[in-house]
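All of the numbers you see were taken from the coordinates with simple rules; none came from a lab. Predicted, not measured: the structure shown is a model, and the values here were computed from it. A quick note on method: Cβ atoms are made from the backbone with ideal geometry, for glycine too, and the neighbour counts reach across all protein chains shown.
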Amino acid sequence: MTQPNQILPCDLEAERLLLASVLVDATPGAPILKACIETGLQPNHFFEPKHQTIFQACTQVLADGLLPDEVTVSNALRATLSLDLAGGAIYLNELTTSLFTPSQNARGCATIILEKHQTRQLVHLAREMTSKALSGAFKPTELAQSLQATSKAILEQGQHNQTTQKMELTDLWGFDRDNDPDNLIGRRWLCKGGSLLFSAAAGAGKSTLIVQMAASWALGQDLWGIKPVKPLRILILQSENDRGDCGEQWIDVCRAMWLTDSQMLTLRENVFIYREAVKTGEAFGTLLEDLITRHNASLAIVDPLLGFAGGDVSKQDFCSHFLRHILQPVLMRTGCALLAVHHQNKPPRKKDEQMQSTYDFTGSSELANWFRATAILRREDQELPHFIFKLAKRGTRAGMKDATGQFTDALRIRHSKVRGEIKWEINSAPPPEETI
């Protein structure tokens, strides 16, 4: 047990760096301070008492419509007789002279301070629960329920403002679309916290196509021109395929890619595969976040989405809750992107009738509204294993290319020509004749 005389978790350097950045930020509107406030940072989240006093004064100065620089904050502290509590004018000057310009990591410091504050609260909670347990006055179930409820409340503190993100016009005008640090695949086709809905009919081979995507992107390679900005750490969470099914897919796909020993090692380091056939809804969301965090995954592949929803996705209210209240917070907290495999509507009566549609899937239209991008795999020939891979919503951003190297959002692909081999390849055969 933590002893009372032990120093509680804190990061005083992060606290000093953040306050110094706020005080030397001469930009009108104090964007650094505003960004910190938007993360939910409050004075009591600082460990050092004088830092609490300084941050409180900064927020008050900003609320009064003034720029929170050294002079203004000093005057505000002096007016409330709290300058000494803040370490005096000398300490404020030490902070401002420690930096020439605001740190680029000021918002990161705010996150560190919040996390340290939550950790200290958990330490206090652990001490309290230990005392209750040793007293013998509480049943194990009571202790467990209290611990779960209180710890959840602690972790949720400070997150209520993180879902609402203010976007300043000056920041938007300065956005560099060619060097977006949040980009993962293509030209901002899939970004951190983004999502892709991939729909295909049962038995089409969508799980194998997912394996090819994962193997290519985990190595930093492109699949038909769709390329990640770097090798991705990929989590695959599926419910339908057993060890044998998965083994056959990975053996054949890796063999077809002619991977070296070094590349195989990279795949073992970057791909994490799990099977979960029971958890749905909230329990699934908790599991997904735990696995993403455990493996620091940049892309999570869920196969199939229906296997984890735990309800009727054709109903908009349920679908909205599952997507916006269970999945969205996980993506926002982790920065991980999501690729969800989903079932498809019945085939269209006329050729290509639905291929241009963003809504080619089973369930509520809320699915297409929430997912940032959509992809469709449709059978092209009823006799041959020939398909069209169509990138619908935001498809032109993916960078997909046809056999001639031209950019496209629709590609003719097929199962391997080699009998018994499991993989997908570009289809070079002539398209089927038009039928009326």
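Work out the P(r) tail for region 1-174: percent of alpha carbon pairs separated by more than 26 Å, whole number. Could the numbers behind the result be given before it?
Working: 5775 of 15051 pairs.
Percentage above 26 Å: 38.
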Could you sort out which of 152/192; 393/423; 116/152; 50/132; 50/116 sit more than 22 Å apart by Cα distance in this structure?
152/192; 393/423; 50/132
Just 31, 304, 140 to compare: in a GNM of the chain, with alpha carbon springs under 10 Å, which one fluctuates most?
140
Treating only Lys and Arg (+1) and Asp and Glu (-1) as charged, each at its beta carbon, one finds that region 1-174 has a dipole about its Cα centre, in Debye to the nearest 20, of 600 debye
For residue 236, residues with placed amide H under 5 Å, excluding near neighbours:
272, 273, 274, 301
The helix 49-63 Cα axis meets the longest alpha-carbon principal axis of the chain at an angle in degrees, between 0 and 90 and rounded to 10, of 70 degrees
Region 1-174: relative contact order as a whole-number percent, Cα under 8 Å and 6+ apart
33 percent
Tell me which of 215, 173, 10 sits at the most positive position along the dipole axis of the chain, charges placed on C-beta atoms (Lys, Arg +1; Asp, Glu -1).
215
Sum of side-chain charges, residue 293 neighbourhood, beta-carbon under 14 Å (Lys, Arg +1; Asp, Glu -1)
0
Using alpha-carbon coordinates, inclination of helix 140-156 to the longest axis of the chain, degrees
90 degrees
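If you take every residue apart from residue 429 with its C-beta less than 13 Å away from the C-beta of residue 429, what net charge results, scoring Lys and Arg +1 and Asp and Glu -1? Mind showing how you got there, number by number?
Numbers: positive: 412, 414, 417; negative: 380, 381, 383, 425, 433.
The answer is -2.
How much net charge surrounds residue 409 when only other residues with a Cβ under 12 Å from its Cβ are counted (Lys, Arg +1; Asp, Glu -1)?
Values: positive: 390, 393, 394, 397, 401; negative: 402.
After counting each charged neighbour, the total is +4.
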Trypsin sites (Lys or Arg not before Pro) within region 240-336: DSSP coil, no more than 16 neighbouring Cβ in 10 Å:
315
Fewest first, what order do 47, 407, 198 take by the number of other Cβ atoms within 10 Å?
407, 47, 198
Candidate cut points under GluC sites (Glu not before Pro) in region 114-209, DSSP loop plus at most 14 other Cβ atoms within 10 Å of their own Cβ, are 168
Under the rule of at least 5 residues apart or a separate chain, name every residue whose amide H is placed under 5 Å from the amide H of residue 184.
190, 191, 192
Using the Karplus equation 6.51 cos²θ - 1.76 cosθ + 1.60 (θ = phi - 60°), what ³J(HN,Hα) coupling, rounded to whole Hz, does each residue of region 98-106 give in order, writing x for Gly and Pro?
7, 9, 8, 9, x, 5, 6, 9, 4
Angle, helix 70-79 long axis vs. longest principal axis of the chain, Cα atoms, 0 to 90°, nearest 10?
50 degrees
Let me know the charge dipole size of region 67-161 about its Cα centre in debye, to the nearest 20, where only the beta-carbon of Lys, Arg (+1) and Asp, Glu (-1) is charged.
420 debye
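For region 365-407, state which GluC sites (Glu not before Pro) are in a DSSP loop and have at most 15 other beta carbons lying within 10 Å of their beta carbon. Mind dumping the intermediate values first?
Working: sites: 366, 380, 383; in loops: 380, 383.
In loop regions of region 365-407 (DSSP not H, G, I, E or B), the sparsely surrounded GluC sites (Glu not before Pro) are 383.
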Within the chain: Cβ-based charge dipole about Cα centre, in debye rounded to nearest 20 (Lys, Arg +1; Asp, Glu -1):
700 debye
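According to the square roots a ≥ b ≥ c of the eigenvalues of the Cα gyration tensor, what is the shape class of region 181-426, taking rounded for a/c under 1.5, prolate for a/b larger than b/c otherwise, and oblate for the remainder? Don't skip to the answer; put the middle values down first.
Values: a/c = 1.37, a/b = 1.08, b/c = 1.27.
Rounded, since a/c falls under 1.5.
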Excluding residues on the same chain fewer than 8 positions from residue 315, give the aspartates and glutamates whose Cα lies under 15 Å from its Cα.
366
Under 5 Å between amide hydrogens, which residues at least 5 positions from residue 342 or on another chain qualify, with H placed 1.01 Å from N in the peptide plane?
198, 199, 200, 305
Of 343, 236, 57, whose Cα points farthest to the positive end of the dipole of the chain (charges on the beta-carbon: +1 Lys, Arg; -1 Asp, Glu; origin at the Cα centre)?
343
Do you know the relative contact order of the chain, to the nearest whole percent, from alpha carbon pairs under 8 angstrom that are 6+ apart?
15 percent
